[in-house]
Amino acid sequence: QVQLEESGGGLVQAGGSLRLSCVASGRANSDYTMGWFRQGPGKEREFVAAISWWSGGSTDYAGSVKGRFTISRDNTRNTVYLQMNSLKPEDTAVYYCAAADNGHLVVTITDYAYWGQGTQVTVSS
């Protein structure tokens, strides 16, 4: 089983930046997808970004964060990052790191079997 641990959340003013980190441990298939999801207050959990771990590091983003957020990975440290710039109050949410046992880009929530505990991001206006 893969274990995931997020960190880096906090309180930031609108227009500011944060970088989230997710460290993965345990066993998984040789190729997989790492993703970030978020759930704001009173909202459904939604896809934010994903990256193929070994297969070229292809990425995908939700339209709401495209151009502002960047997902990346450090294979040596087994860590995935989410760099968040130009933050808006509507970005306020609990952000979750997740992993899917599929090397091709996965963006559907049900395809992710492993989840972190989440880290709170609050953007003030």
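The values are calculated or read from the model by the stated rules, or taken from the named source; none is laboratory data. Remember, it's a predicted structure, so these values are computed and weren't measured experimentally. Glycine also receives a Cβ, built like all others from the backbone with ideal geometry; neighbour counts cover every protein chain displayed. All accessible areas refer to the heavy atoms of the entire protein, side chains included, with ligands and DNA or RNA removed. Shrake-Rupley method; radii C 1.70, N 1.55, O 1.52, S 1.80 Å.
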So, of the residues in the stretch 93-104 that are open to solvent by 30 Å² or more (accessible area, probe 1.4 Å) and in a loop (DSSP other than H, G, I, E, B), which turns out to be modelled with the highest pLDDT?
D101
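Kindly provide the set of residues from the stretch 33-55 that are small (G, A, S) and either under 17 Å from G116 (Cβ atoms) or surrounded by 14 or more Cβ atoms within 10 Å (Cβ to Cβ) (or both), ordered by number.
G35, G40, A49, A50, S52, S55
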Only one residue in S17, S30 is closer than 23 Å to V123 by Cβ, hydroxyl-bearing (S, T, Y) and more than 12 Å from the chain's Cα centre (by Cα), so which one is that?
S17
Give me the residue from the stretch 61-71 that is open to solvent by less than 60 Å² (accessible area, probe 1.4 Å) and either assigned to a strand (DSSP E or B) or among the charged types (D, E, K, R) (or both) and, out of that set, nearest to C97 (Cα to Cα).
I71
Within the stretch 105-125, which residues are among the polar types (S, T, N, Q) and either in contact with a Phe, Trp or Tyr (Cβ under 7 Å, 6 or more places away or on another chain) or in a loop (DSSP other than H, G, I, E, B) (or both)?
T108, Q117, T119, S125
Over the stretch 78-92, the set of residues surrounded by fewer than 22 Cβ atoms within 10 Å (Cβ to Cβ) and part of a strand (DSSP E or B) is T79, Y81, Q83
Matching residues, the stretch 8-32, being part of a strand (DSSP E or B), surrounded by 14 or more Cβ atoms within 10 Å (Cβ to Cβ) and in contact with a Ser or Thr (Cβ under 9 Å, 6 or more places away or on another chain)
V12, L20, S21, C22, V23, A24
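For the stretch 37-59, name all the residues that are over 18 Å from T92 (Cβ atoms) and either of a type in the set (G, A, S) or touching a Lys or Arg at 6+ places or on another chain (Cβ under 9 Å) (or both).
Residues satisfying the conditions are A50, I51, S52, W53, S55, G56, G57, S58.
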